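The structure appears right after this line, and notes come after that.
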Amino acid sequence: MLVVRLLGPVDVIDEQGQVRASGSALRRSVLALLALEPGRVVDPEWLLDQAWDTTPPQSGLRALRFHISKLRSELGESGAIVTVGSGYRLDAEVDVARVESELASGPRGADQYEALLGVWRGEPLADVAGCALLEHERVRLTELQLSVLEGLYRARIQEQDGPTVIGALTRVCLDNPLREGLWASLIAAHYQAGHQADALRAYDRLRVNLAESLGVDPAPALQELEQQILAQDPDLAGLLPLTSHQPGINPAPAAWPTPIRGNQGTGDVRFVDVDGLGIAWEQYGRGPECVVIPPLVSNIELQWENELYRRVLELMGRHLHVTHFDKRGMGLSDRWDGTPTLDQRIHDIVAVMDAAGLDRAHVLGISEGGLMAQLFAANHPERVDRLVLANSAVLGVEPSAEYSARALDSWPLVIEGWGRDASSCIGWWSPSNSQDEAFVRWFGRFQRQSATRADFERQLESMYALVGLSDGFLDDITAPTLVANSSQDQVVNSESGDYLARRIRNAERTVFDNDDHFYFLGHHWLEATTAIIEFMTGAAVAQPSERCFATVVVTRIVGPTAQLAALDDRAWDAAVDDHDRVAWALADRHAATIVKSTSDGLLARLESPSQAVAFCRDLAERLTSTGIRIRAGVHSGEIEIRPNHDITGVAVNLAAGVEQAAPDGAIYVSSTVRDILLGGAHRFEDRGQQSLKGIDGVWRLYEHVS
């Protein structure tokens, strides 16, 4: 029987032991998708949706049949992929299934764990890209490898081999600063070697990592391990508290926070069918339930890619369990030719809450979504705990002559530039970002991937239809309500909020010192978002730690591509879009936080230098295949995380200086990074001492070579 291998490049071992691989990335993706469900019939429509990284061709099923036929030929075993009805079934062994089966049988010896680790031939699914599901699977299989690694080190400790693995374990723990099972093994290995002080230092390092990154203490079992070491317990056998013998498990204390979401913006987006249309929705965070009704344009997946959006989403997710969605005809939800009616809009909200299992929730309505929130709260008071209306559209108030004139002038410009030139839209909706070239460029892509011009015009027509309704329903809103407005909003006059606060019972009023209609994009986003969270939860929002140790990455587009900036704006914008898209796609894999995209590169922070160097390496390789060259600088040190999630400090300046010193196409690291990684998998070559712009003294720099 054939053996399909996913724990490395995707290939097949045939019955003669020969390695067979498809030369087509698309066919490798199809094979990998079939291998996720070996022995089960897979629906062809599902295969189409998952395998094509863009919209499948019109002749999608015919194209899929062609690729299945070619795949059978390339594998040399036509019987391995069986047609069952309209679907396909893979009859083959899969390396992942073998590993998971052996792990499920319980604890093993060190040699057995070593053998399981040998099944990995590199990064899982290394030669497939563009498939969101396989990206998720790659993360899961990397997590599975860490589980096997935890089992190996635990077995070594139990076999009294702790002193021999301290060096390797130290490097692994630096690459996984929050993985308590690995740190437990390192602590025990130090103690077993007679290094009580080193064991306690390792515990303290883990404690600091958890406190600064997650705000939690080590698990109770690890705290017990510390006490055993302090008491100089001669027998730590069996005390290692965290182990993983089941696939995909990452043990954690009960207080471990629910993950907010991945960096890339490819979370668990789901769809609920309403009138034959798929309404896209997603949940993230932890805390009281909150439903967000979006403004005129939204994209619940793409918004995670931008640092201005993401900082608000992450803050909300640290205090609330958020359910958000894209309205019909918008974002990831299905397109249609109609103009949404009031009943349809309300029905969509009900359907999303039902699909999410929410009987009641706090409701946040933003801009035009605020009008929908008002109507929903009036029609379904039993489902709304607290209501927040942020820069909400309002019925019953005629806008001033100034605002009416501005709308008449601005809406045609927004429509004309939709997806082509976002500057008019940003200048009106978010003037504080109008000079941010990177954001304006990104928002143009946000427009293109969220709605066509016709889709947007239909949403606008629907909004105007709602504005023409009577405001009598405001008397039916019974939920405690916060009416929040930006003081200098150019789209909705803050006086409209005064009217809502007077008309709605139990309403509180707040005004933010902000120019932006999209308050969450403005300079005072933190103040505004904090007020909303505190109103919903009834608890003060604690400010996160401001200083931490991190590895900083600075990149810049260079070479012939950079020369496009002076020659062709569209070509340059396309190049920077490609750079940003690839960077965000790689961020999750390397646990990178992209702080901001610049006009010609990015600034990112990571927890370990090994992750940072790997991120730069993979980014450079991926971009080279698209014709884009970069240079990168990497430095590790203490940074300050500002309230707007930007980072500052000498370490940031040093990373920028290292980047400026690097020649085109090179990845340069400081001596600090090189020293930390000494003896690890990365190799560096000395590039001598250099003076860095804005930094006193000279620094020895190294180039990453493999």
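What to note about this one:
- Using alpha-carbon coordinates, inclination of helix 60-75 to the longest axis of the chain, degrees: 0
- Long-range amide H partners of G8 with built H, under 5 Å: R121, L125, A126
- In straight-distance terms, cross-link reach from K327 covers every one of the lysines whose alpha-carbon lies under 29 Å from its own, apart from those fewer than eight places away in the same chain; here that gives K596.
- One decimal place: the segment N506-E45 gains 160.9 nm when fully extended, by the rule 0.36 nm per residue minus the C-alpha distance.
- Sites V82 and A465 - FRET efficiency at Förster radius 51 Å, r taken between beta-carbons, to 0.05: 0.45
- Nearest 10 degrees, 0 to 90: helix 650-661 Cα axis against the chain principal axis: 80
- DSSP loop GluC sites (Glu not before Pro) with at most 15 other Cβ within 10 Å excluded, longest remaining stretch of the chain: 160-545
- Between the amide H of V595 and those of L603, A604, R605, distances stay under 5 Å, these residues lying 5 or more places away or on another chain, with hydrogens modeled in the peptide plane.
- Acute angle (nearest 10 degrees) that the helix 609-625 long axis makes with the longest principal axis of the chain, alpha-carbon atoms: 70
- Net length gained if the chain between D14 and T648 were fully extended (0.36 nm per residue, minus Cα distance): 222.8 nm
- Peptide packing for 327-334, 406-413 was compared via the average number of neighbouring C-beta atoms within 10 Å per residue; ordered from the highest value, the list is 327-334, 406-413.
- Take every Cα pair under 8 Å whose residues are at least 6 apart in sequence, average their separation, divide by the length of the chain, and the relative contact order is 8 percent.
- Rounded to the nearest 0.05, the FRET efficiency derived from the C-beta distance between E703 and E457 at R0 = 45 Å is 0.30.
- Database remark: amide H of L482 closer than 5 angstrom to the amide H of L387, V388, L389, E508 (H placed geometrically; neighbours at sequence offset of 5 or more, or on other chains; Pro and chain starts carry no H).
- Computed from the C-beta positions of A21 and D475 and an R0 of 56 Å, the FRET efficiency is 0.25 to the nearest 0.05.
Every read-out reported here was derived from the displayed coordinates using simple, explicitly stated rules and does not represent laboratory data. Please read these numbers as outputs of a predicted model, since none were measured by experiment. Cβ: placed from backbone, ideal geometry, glycine included. Neighbour counts: every protein chain shown.
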